[in-house]
1. Out of the chymotrypsin sites (Phe, Trp or Tyr not before Pro) in the range 4-108, which ones are loop residues according to DSSP with at most 14 other C-beta atoms within 10 Å?
2. With charges set only on the Cβ (+1 for Lys and Arg, -1 for Asp and Glu), what does the dipole of the chain come to about its Cα centre, in debye to the nearest 20?
3. Would you work out which of Tyr51, Thr101, Phe28 lies farthest towards the positive end of the dipole of the chain, given +1 charges on the beta-carbon of Lys and Arg and -1 on that of Asp and Glu, about the Cα centre?
4. Within 15 Å, Cβ to Cβ, of Tyr72, how many net charges do the neighbouring residues add up to if Lys/Arg are +1 and Asp/Glu are -1?
5. Averaging the inverse of every distinct alpha carbon separation and then flipping it gives the Kirkwood radius. What is it for the chain, in angstrom units?
Amino acid sequence: MSQVNYVTEETFDSEVLSSDKPVLVVFFTQWATSRKSKAFFVIVDEVTPKYADTLKIARCDLDAFPQVAKSYDICGEPTLVLFKNGSSTATLNYASQSMLTEMLNAHL
């Protein structure tokens, strides 16, 4: 698994928007235990090591930091948002391994 940083409202700008690498942010909630949520984390953990040199991974708890979610129109969890050069460039509300790989290949 790639190094994962947990971001907050205070660190989002410096860790994500000002990053010198693209950042894949996983928006989640602590209480979510659905199969979809668990599968999402597994998919991210399986796909992202291939991009370790060119991609940072961050997680943001929607309940703890709702302003971040609101800023990017995150309505549900889990949601993946790829940020590049300070802007969101792609979003997935559901991802299979192939969907995530396709998104990363298209934007990295």
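Each reported figure results from applying straightforward, stated rules to the coordinates on display, with no laboratory input. Note that the structure is a prediction, hence the values are computed from the model and not measured. Note that we place each Cβ from the backbone using ideal geometry, even for glycine, and neighbour counts take in every protein chain shown.
1. Trp31, Tyr94
2. Roughly 320 debye for the chain.
3. Of Tyr51, Thr101, Phe28, it is Thr101.
4. -3
5. With all distinct Cα pairs of the chain included, I get 13.6 Å.
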